[in-house]
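Undergrad: The structure is given below, and queries will be raised subsequently.
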Ligand code: OXD
Ligand code: MN
């Protein structure tokens with residue numbers, strides 16, 4: 001059957017959209033084109049089709065109603081950063097941290113691969129809104145894909161279907177995402193971004209971060225580019241509301257690299273002593289924040305997504321009870337293990353594995369084999385409305401006002417539990433130089449420290465130095481800037497033991513930040529930032545040895561000399577676009593650390 005453009009005309013008032021779908025269909029030659037409307041009926045139909053094709057496996061519907069398992073191709077389990085390209089006219093626009101390809105070359109190569117690639121397949125047309133529908137933050141995108149798994153996930157992750165076409169109306173202003181699974185041949189896999197065309201073409205991978213184009217591709221890479229042009233920020237940040245016992249809520253945005261506990265922090269359960277006093281935590285978002293200066297001069301944020309694509313291993317009643325609850329229904333699991341009764345299982349779930357478990361590839365699993373049952377980057381996709389602590393503001397068109405920005409990484413040494421910046425520039429410096437040990441969310445070695453500025457290394461759609469300059473420039477537009485902090489929940493002692501219990505206890509660190517803003521808590525000035533002394537933290541009901549706490553909070557000059565040296569090398573690697581202000585601040589810190597003159601910067 002030839003693609004039917006008259007159907008398109010009845011679905012959308014946008015000539016540009018209808019034409020683009022026709023053009024993509026002419027190239028890829030699908031047997032059928034299905035326009036997704038986001039309805040429940042459609043969800044049931046697509047689920048049935050996915051079950052029939054073996055793309056989804058039904059889980060135990062009594063234990064987990066509406067839940068399904070997907071097993072991916074074993075060599076398609078994580079983002080492939082080495083195959084992800086920013087295709088700007090010049091290499092400098094993409095900068096030294098991105099792979100670059102000239103737009104003509106990328107389009108040409110992919111067009112060759114895409115020719116006839118959907119023959120025998122269905123092309124799903126998936127219109128979606130990033131952000132609350134009708135919000136001035138919101139943007140419309142459309143993804144064309146040959147994957148029913150992608151269609152079902154997009155329904156969870158975004159406001160998908162009719163609402164998006166209504167918002168688009170007859171406009172041509174929408175993100176154009178073309179995704180084709182192809183044959184998963186690693187030699188024919190590329191994720192190419194064309195920021196000037198508001199376009200992403202992703203070929204050869206079905207993995208979430210490569211294939212759910214709304215997420216990393218549009219809401220971060222393309223949006224960061226748009227944010228720079230339009231004067232706002234698209235960030236790899238969770239957004240969380242902290243309600244104090246008086247009922248006042250303060251909003252915090254926090255950037256951590258992939259698989260460092262963003263979802264856990266976004267859904268944190270307060271420790272019993274704080275819960276008793278009336279502390280509460282509410283999730284606005286767990287992965288991405290779009291931030292704009294509001295009419296009141298504060299920085300306001302929305303979560304562009306409508307669901308969570310979280311890492312399953314390590315998620316347990318202890319680490320994230322709210323996540324365990326939201327995963328009880330209407331969720332898609334990818335590459336987790338399956339118990340004989342049709343339930344899911346993963347390492348770190350704090351539940352003993354049943355006998356007769358199947359591993360993530362569907363093979364019978366021997367617990368003694370030393371092999372993982374669930375893939376370390378196995379995932380759940382679940383709608384935000386499943387979250388028992390979803391913020392009542394999660395759908396607010398105006399977003400929420402941000403008082404605190406946190407940068408964080410996974411560092412075994414050097415970085416104290418928390419470090420407060422002296423001012424915006426120092427905070428931007430902290431973000432720009434942050435490092436973290438690599439995790440399983442991307443292919444490659446795990447556990448190596450890499451610089452991951454603002455947790456955006458794999459997600460910034462343009463030159464990293466220009467991105468830092470944009471952050472610095474934002475300061476002049478924000479009348480009441482959020483205060484910036486750095487955290488590290490993962491510091492270890494010489495024996496390799498974690499120095500801080502983490503999880504819910506992290507709320508104590510957040511409380512210190514809020515008290516700092518209110519002028520209620522003290523801190524110690526160090527050459528690299530302010531740290532709490534043990535007595536500055538509220539530790540009621542927490543048993544942590546004074547020795548461990550001292551080590552967790554320590555700023556060790558020897559470690560910091562090495563840290564600054566390595567940050568300096570990173571600046572050299574970024575090159576001439578590094579803003580002078582950051583270089584200057586770097587030199588000042590080195591001086592201060594080595595006792596050469598007093599610190600010269602101003603108070604926040
Ligand atoms: C994610 C990631 O999936 O950061 O959120 O990799
Ligand atoms: Mn992420």
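Throughout, read-outs are computed from the coordinates displayed, never taken from laboratory work. All figures in this text were calculated on a predicted structure; none of them were measured in a lab. Note that we place each Cβ from the backbone using ideal geometry, even for glycine, and neighbour counts take in every protein chain shown.
Undergrad: Run the numbers for residue 445 and residue 525: contour at 0.36 nm per residue of separation, minus the present Cα-Cα distance, in nm.
TA: 25.2 nm
Undergrad: Once the Cβ-Cβ distance between residue 596 and residue 518 is put in as r, and R0 is 30 Å, what FRET efficiency do you end up with, to the nearest 0.05?
TA: E(calc), rounded to 0.05, equals 0.30.
Undergrad: Label points 7 Å out from Cα along the Cβ direction at residue 99 and residue 351: separation in nm?
TA: About 3.8 nm separates the two model spin labels.
Undergrad: Further question on the same structure: If each residue of separation counts as 0.36 nm, what is the full-extension length gain between residue 133 and residue 188 once their alpha-carbon separation is subtracted?
TA: 16.2 nm
Undergrad: When 492, 262 are ordered from fewest to most other Cβ atoms inside 10 Å of their Cβ, what list results?
TA: 492, 262
Undergrad: Now for a different question. Specify the inter-centroid distance of the stretch 148-175 and the stretch 30-97, based on alpha-carbon positions, in whole Å.
TA: The stretch 148-175 and the stretch 30-97 have Cα centres separated by 14 Å.
Undergrad: For every helix of n ≥ 4 consecutive DSSP H residues, a contribution of -39,500 (n - 2.57) applies; sum these over the chain, divide by its total residues, and give [θ] at 222 nm rounded to the nearest 500 deg cm²/dmol.
TA: -8500 deg cm²/dmol
Undergrad: Another one. Residues of the stretch 426-446 with backbone nitrogen within less than 20 Å of a virtual label 7 Å along the Cα-to-Cβ line of residue 413, please, listed as ranges.
TA: Output list for this probe position: 433-439, 446.
Undergrad: A further question on this structure: If you take the beta carbon distance between residue 172 and residue 363 as r and set R0 to 51 Å, what does 1/(1 + (r/R0)^6) give as a FRET efficiency, to the nearest 0.05?
TA: Taking R0 as 51 Å, the efficiency between residue 172 and residue 363 is 0.55.
Undergrad: Put one equal scatterer on each alpha carbon of the chain, apply the Debye formula with no solvent term, and list log10 I(q)/I(0) at q = 0.05, 0.09, 0.10, 0.13 1/Å to two decimals.
TA: -0.21, -0.70, -0.87, -1.47
Undergrad: Is the shape of the stretch 489-539 rounded, prolate or oblate, going by the alpha carbon gyration tensor and its root eigenvalues a ≥ b ≥ c, with a/c under 1.5 for rounded and a/b larger than b/c for prolate?
TA: It comes out oblate by the Cα gyration axes.
Undergrad: Related question: If you line up the long axis of helix 424-433 against the longest principal axis of the chain, both from Cα atoms, how many degrees apart are they, to the nearest 10?
TA: On a 0 to 90 degree scale, this one is about 60.
Undergrad: Now, a different point. Given labels modelled 7 Å from the Cα in the Cβ direction, how far is it in nm from residue 573 to residue 317?
TA: 4.3 nm
Undergrad: Starting with the fewest neighbours, write out 290, 232 ranked by other beta-carbon atoms found within 10 Å of each beta-carbon.
TA: So the residues, fewest neighbours to most, are 232, 290.
Undergrad: Take the alpha carbon atoms of the stretch 191-244, find their center, do the same for the stretch 449-517, and report the distance between the two centers in whole angstrom.
TA: What the calculation gives is 19 Å, centre to centre.
Undergrad: Give me the one-decimal nm value for the distance between modelled label points at residue 498 and residue 539, 7 Å along each residue's Cα-to-Cβ direction.
TA: Distance between the two pseudo-spin positions: 1.8 nm.
Undergrad: A further question follows. Tell me, 375, 586 in order of fewest to most beta-carbon neighbours within 10 Å?
TA: 586, 375
Undergrad: How high is the relative contact order of the stretch 308-386, in percent, with contacts defined as C-alpha pairs under 8 Å that are six or more residues apart?
TA: Normalised by residue count, the contact order of the stretch 308-386 is 44 percent.
Undergrad: Taking the Cα centre of each part, how many Å lie between the stretch 312-364 and the stretch 379-446?
TA: The two parts, judged by their Cα centres, are 25 Å apart.
Undergrad: Separate question: Give me the number: length gained by fully extending residue 580 to residue 328, i.e. 0.36 nm times residue separation minus the C-alpha to C-alpha distance, one decimal in nm.
TA: Once the chain is fully extended between residue 580 and residue 328, it gains 85.6 nm.
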